[in-house]
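S.K.: Pasting a structure below so you can have a look.
Throughout, read-outs are computed from the coordinates displayed, never taken from laboratory work. The structure displayed is predicted, hence computed values, not measured ones. As a convention, Cβ positions derive from the backbone with ideal geometry for all residues, glycine included, and neighbour counts pool all protein chains shown.
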């Protein structure tokens with residue numbers, strides 16, 4: 001059992017970049033690709049933990065069988081030592097995760113504090129979009145982002161607000177709503193901690209890179225279902241203003257999907 005679980009955990013490390021990290025299908029089905037990444041991640045993690053538990057249980061069973069009819073101190077010490085040896089790697093793994101996650105969480109906290117200060121200095125109006133509170137900042141760069149934990153959910157710069165039409169602004173808000181509802185911040189944090197804990201493992205680095213793209217595509221699709229072509233328009237406007245090639249490619253992706261849907265509708 002332990003060997004089977006170890007083999008599965010290693011197989012997920014090798015197979016994940018090949019199965020999920022490549023192919024155009026990820027662009028067309030980003031939600032499925034993101035789910036597949038994390039399904040392989042958690043199943044591999046549980047398999048590795050289960051292999052350790054199975055190995056310890058099997059070893060304990062053998063030691064207990066050998067000393068079942070004996071009250072020797074040596075047998076008792078052997079059981080205790082085996083327990084410590086078995087759970088030692090688990091403790092070491094938890095220590096590594098804690099130490100690697102600490103600077104990431106500290107950096108995130110510092111960023112939040114800086115944004116909080118920025119909000120207090122530059123906010124010029126607050127507006128409700130459904131159940132979301134949107135704060136508008138006097139800032140010439142065009143951007144929008146989620147900011148939970150204060151008295152608002154989304155931040156939009158004046159540079160973005162002035163460049164976008166009302167429909168495009170609503171599309172940007174829906175994009176950010178998807179990030180909030182689907183907990184994409186937690187998804188990215190898990191991927192970053194995993195990459196920090198496994199710095200030389202290709203699957204961990206690929207998972208972090210893919211997750212950063214896939215959460216944006218998932219949010220684009222969620223916003224497009226609510227706002228239609230305004231999402232592509234907003235991406236093209238912001239991408240042009242900021243010189244962001246990735247936004248322009250995301251806009252092209254949505255436009256191609258809309259064209260394909262129109263052709264299908266016309267064929268009917």
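S.K.: If a paramagnetic tag sat 7 Å from the Cα of residue 249 along the Cα-Cβ line, which residues of region 198-216 would have the backbone N under 19 Å from that point?
M.R.: Once the point is set 7 Å along Cα→Cβ of residue 249, 205-216 turn out to lie under 19 Å by backbone N, inside region 198-216.
S.K.: How many angstrom lie between the Cα centre of region 214-231 and the Cα centre of region 132-175?
M.R.: If you average the Cα positions of each part, the centres end up 16 Å apart.
S.K.: When 28, 120 are ordered from fewest to most other Cβ atoms inside 10 Å of their Cβ, what list results?
M.R.: In increasing order of surrounding Cβ atoms, one gets 120, 28.
S.K.: Arranged by the count of other C-beta atoms within 10 angstrom, fewest first, what order do 158, 165 take?
M.R.: With the fewest neighbours first, 158, 165 line up as 165, 158.
S.K.: Could you give the alpha-carbon Rg of region 111-224 over 2.2 N^0.38 Å, rounded to two decimals?
M.R.: 1.17
S.K.: How long is the gain from residue 28 to residue 213 if the chain were fully straight, where each residue apart is worth 0.36 nm and the alpha carbon distance is subtracted?
M.R.: Stretched out fully, the residue 28 to residue 213 stretch lengthens by 65.4 nm.
S.K.: Assuming 0.36 nm per residue, please report the length gained on full extension of the stretch residue 119 to residue 263 beyond their Cα-Cα distance.
M.R.: 47.3 nm
S.K.: Still on this structure: Would you calculate the separation in nanometres between label points at residue 112 and residue 140, each defined as 7 Å from the Cα along the Cα-to-beta-carbon direction?
M.R.: Using points 7 Å along Cα→Cβ, the separation is 3.2 nm.
S.K.: Oh, and also: Taking the alpha-carbon set of region 164-268, what are its Rg and Dmax in Å?
M.R.: 15.9, 53
S.K.: Taking the Cβ of each residue in 211, 162 as the centre, tally the other Cβ atoms inside 10 Å and list the residues starting with the fewest.
M.R.: Fewest-to-most Cβ neighbours within 10 Å comes out as 162, 211.
S.K.: Evaluate the Kirkwood expression for the hydrodynamic radius of region 105-172, namely the inverse of the mean inverse distance over all pairs of different C-alpha atoms, and round to one decimal in Å.
M.R.: One decimal place: 12.3 Å for the Kirkwood radius.
S.K.: Still on this structure: Hey, rough spin-label estimate for residue 162 and residue 126, points 7 angstrom out along Cα→Cβ, what's it come to in nanometres?
M.R.: Going by the 7 Å Cα→Cβ label model, 2.4 nm.
S.K.: In nanometres, what is the gap between the two model label sites at residue 104 and residue 186, each 7 Å from Cα along Cα-to-Cβ?
M.R.: Between residue 104 and residue 186, the label points sit 1.5 nm apart.
S.K.: Further question: Label point 7 Å out from residue 133 along Cα-to-Cβ: which residues of region 139-172 have amide N under 17 Å?
M.R.: 145-156
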